[in-house]
Amino acid sequence: MFHCGRGIADITGEPADTGMLGYGKSSQRSDGIHLRLRSRAFVIASGDRRILLVVNDLPMVFDSVRRALLERLELLYPGLYTEQNTMVTATHTHCAPGGYSHHRLYHSNTGGFRPKTFGVIVDGMTEAVVRAHDDLAPTVLTLNHGELRDASANRSKVAFDNDPVVDRERFPEAIDPQTTLLRIDRDGTPVAAINWFPVHNTSMTNANTLISGDNKGYAAYHWERLVAGADYRDRRPGDFIAAFAQTNAGDLTPNLDLRPGHGPTGDDVENTRIIGLRQYEAAARLMTRPGTVLTGDVDYRLTHVDLSAAVVRPEFTGDGREHRTGPPVGGASALAGSEEDGPAFRGFHEGRNPFWDRVSQLVYRRLPALRDVQSPKALVVGGLRGHYVARSAPVQLLRIGHLYLLGIPAEVTIVAGLRLRRTVASIVGADLADVLVAGYSNGYLHYVTTPEEYDTQQYEGGSTLFGRWTLPALQQTASELATALRDGKPIRYGDPEPEVAPVRIARPRIPRDKPPDGHAFGDVLLEPRRRYRPGDTVTAIFVAAYPNNDLRRNGSYLEVERRLPDGWQTVADDGDWSTTFRWRRTRSGQVAVVTWTVPGDAAGEYRIRCHGKAHQQVLRPYSGSSRVFTIEGRGGRHAHQT
């Protein structure tokens with residue numbers, strides 16, 4: 001029998017003036033919240049063994065936050081949760097504050113390392129794990145697989161088409177449609193679910209500056225909100241928790257029309273909701289099917305491979321010869337960005353870059369060893385030395401009954417994922433569907449393509465930093481992990497990434513908190529109208545201090561309240577899809593623009609409240625309230641909320 005515990009906590013970082021991580025655009029700096037970010041933790045135990053899976057609404061998991069989490073857990077539970085049995089993974093939203101890595105490449109638009117955002121992420125992950133640990137109870141785990149074909153498209157078809165037919169035949173639509181659900185029941189009632197489905201979490205474009213969990217964040221929010229119903233605001237740690245995790249999403253976009261913010265509609269916010277809803281609906285369908293009850297126990301192995309200097313044996317290279325990976329080098333096509341999700345730097349292109357191609361050919365002629373590793377990549381960002389990026393990959397294999405999760409700290413294309421899955425499945429004797437690549441896990445080393453995809457030098461190939469033999473090196477490592485796990489033997493620890501400290505600490509310009517003349521913080525500058533109907537958008541503008549003064553973790557900068565006979569009830573806050581909180585500087589002072597889209601079942605009297613803390617020699621809390629406004633339900637003036 002399995003025991004399982006679940007936990008959830010807030011990991012939303014700085015909502016103002018912080019560069020967002022993922023698109024790499026200097027103009028994409030946070031200025032508010034649309035959907036709060038969450039960490040969802042699951043402890044699964046059998047006998048004296050347990051594993052810990054932490055799924056985070058983050059762009060990436062870096063060695064920095066993983067180490068900090070494990071250090072916290074070692075103090076709380078000595079020897080219980082280690083790097084061996086803990087998998088920390090990200091959903092890969094591109095609408096979250098950056099600055100929490102200790103490697104310099106990811107600070108291009110954050111001004112350096114951001115201790116406040118880093119602290120909130122580690123605090124939230126730790127809190128989620130503590131809640132999951134305390135929640136352990138007998139559980140039935142049920143595994144189910146299905147298909148979802150209208151939530152992703154291949155954004156790198158040129159590269160995919162260069163793969164062998166035997167691989168392409170597995171994916172006739174050039175997507176990986178498999179959606180996998182682990183259902184967690186107690187006493188016959190579902191109490192949690194973990195879904196794995198490969199699609200980039202990039203429905204929101206690089207023009208968005210509101211914090212959001214994007215499509216996977218919406219899927220999780222929607223399911224949890226749907227189960228909790230009217231009691232969502234008063235959730236207890238033991239309530240239903242849904243996590244939507246990644247697999248091999250490296251070349252799959254949610255932008256079905258292959259343009260940023262397009263597909264299935266031309267509105268990126270609506271697309272976020274639709275693609276998230278489709279993932280939820282596919283997972284919810286699997287909840288209603290019998291599935292396979294997991295039996296047996298849990299097991300785990302972890303090793304480290306230095307991808308800057310791995311020797312790959314002939315049986316994994318595909319050409320019968322030994323090859324090596326090499327130090328990280330970025331290509332011209334990497335600087336181009338993905339045209340389908342968000343172009344990066346002008347002057348660079350996916351595929352051919354004639355000037356850089358010519359320069360690189362001259363370099364390759366002089367350095368044949370580099371040519372074997374990196375050719376035909378157009379060398380642009382040569383030798384990411386020092387602490388710019390990590391080089392050692394923690395590669396992990398977890399087993400839960402007959403479900404296998406192969407943790408890879410990178411973005412893996414669907415065919416690269418297929419080869420890794422086949423490697424593991426063939427050794428442990430598992431069905432291919434029961435072996436998943438858990439991408440974006442335990443670290444971040446950019447992309448992993450097949451050698452054939454690499455040769456086309458699309459965005460993903462240019463971003464495969466360690467060269468053409470990266471995937472074979474990881475297949476070799478996966479083979480060693482699977483063999484050790486199958487045989488019940490230990491595996492070499494390998495060479496982990498050296499622990500580094502952040503080189504540059506951000507020194508953000510913190511504005512002076514001073515309200516406009518004649519006003520106090522919390523005052524309303526623009527009141528809502530007196531009457532609205534469902535579907536309308538309510539707007540109120542408040543005098544607001546710098547939101548980074550207090551990140552209000554597990555709290556909110558706003559509340560939408562409904563009048564009841566005995567007081568006021570909160571019906572929405574800044575963690576709800578129906579609201580937005582946007583902070584702005586104006587000539588007269590600092591303001592927060594709060595919006596609420598009225599749901600279809602709303603009726604009665606409401607108000608909007610705004611909260612924060614202002615620096616006035618010391619931090620002083622404030623709150624403000626709009627005037628009362630009326631929602632006239634669809635049934636007329638006397639309709640009421642059900």
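Read-outs throughout are calculated quantities, based only on the coordinates presented, and are distinct from any laboratory measurement. What you see is a predicted model; the values in this text were computed from it and never measured. Ideal geometry is used to build each Cβ from the backbone, glycine not excepted, and the neighbour counts take in all protein chains shown.
Some points to look at:
- Residue-span extension gain [Asp455 to Glu315] - 0.36 nm each, minus C-alpha spacing: 48.4 nm
- Extension gain, Glu71 to Gln361, is 99.8 nm, computed as 0.36 nm per intervening residue step minus the present C-alpha separation.
- Axis angle, to the nearest 10 degrees, between helix 268-287 and the longest C-alpha principal axis of the chain: 70 degrees.
- Dipole in debye (nearest 20) - the chain, about Cα centre, beta carbon charges: Lys, Arg +1; Asp, Glu -1: 1580
- Förster radius 22 Å - calculated FRET efficiency between Lys514 and Ser623, Cβ distance, rounded to 0.05: 0.75
- For Val191, residues with placed amide H under 5 Å, excluding near neighbours: Ile184, Asp185, Arg186
- 19 Å reach of a label modelled at Ser426, 7 Å along Cα-to-Cβ, counting backbone N of the range 480-497: 480-487
- Helical contribution to [θ] at 222 nm, DSSP H n ≥ 4, -39,500 (n - 2.57), averaged over the chain, rounded to 500: -7000 deg cm²/dmol
- Exposure here means at most 13 other Cβ atoms within 10 Å; with chymotrypsin sites (Phe, Trp or Tyr not before Pro) in a DSSP loop as sites, the longest stretch of the chain lacking them is 1-344.
- In range of the label at Asp372: residues from the range 457-496 whose backbone nitrogen is under 20 Å from the point 7 Å along Cα→Cβ: 465-477
- Annotation: the residues Val594, Val166, Val524, sorted from fewest to most other C-beta atoms within 10 Å of their own C-beta, follow the order Val166, Val524, Val594.
- Between Asp150 and Leu258, the modelled labels are 2.1 nm apart [label points 7 Å from Cα along Cα→Cβ].
- Whether the range 524-631 is rounded, prolate or oblate, judged on the alpha carbon gyration tensor where a/c under 1.5 counts as rounded: prolate
- Each of Val329, Phe345, Leu405 was scored by the projection of its Cα onto the charge dipole of the chain, and the greatest displacement toward the positive side belongs to Phe345; charges sit on the C-beta of Lys, Arg, Asp and Glu.
- Cβ-based net charge around Tyr221, under 9 Å, with every Lys or Arg adding one and every Asp or Glu removing one: +1
- The range 1-83 shape via C-alpha gyration tensor axes, a/c threshold 1.5: prolate
- By the rule of a C-alpha distance below 30 Å, with chain neighbours fewer than 8 residues away ignored, the lysines paired with Lys377 are Lys25, Lys157.
- Dipole size of the range 524-631 about its Cα centre, with +1 on Lys/Arg Cβ and -1 on Asp/Glu Cβ: approximately 480 debye, rounded to the nearest 20.
- For Leu526 and Arg504, the FRET efficiency from 1/(1 + (r/R0)^6), where r spans their Cβ atoms and R0 equals 35 Å, is about 0.30.
- Separation in nanometres of the label points that stand 7 Å from Cα toward Cβ, at Asp601 and Thr483: 5.7
- For the range 155-208, the gyration tensor built on C-alpha atoms gives an oblate shape. Its axis ratio a/c (a ≥ b ≥ c) is at least 1.5, and a/b is not larger than b/c.
- For the range 181-192, the Karplus equation 6.51 cos²θ - 1.76 cosθ + 1.60, evaluated at θ = phi - 60°, returns couplings of 10, 9, 8, 10, 10, 10, 6, x, 10, x, 10, 6 Hz by residue, with Gly and Pro reported as x.
- Cα-based helix-to-principal-axis angle, 470-487 vs the chain, degrees rounded to 10: 90
- With neighbours defined as other Cβ atoms within 10 Å of a residue's Cβ, the residues Ser441, Ser360 order from fewest to most as Ser360, Ser441.
- Signed unit charges on C-beta, dipole axis of the chain, positive-most listed residue Ala45, Gly229, Ser426: Gly229
- Between Asp566 and Ser27, the contour length at 0.36 nm per residue exceeds the Cα-Cα span by 189.4 nm.
- Axis of helix 414-428 versus longest Cα principal axis of the chain: the two differ by about 70°, to the nearest ten degrees.
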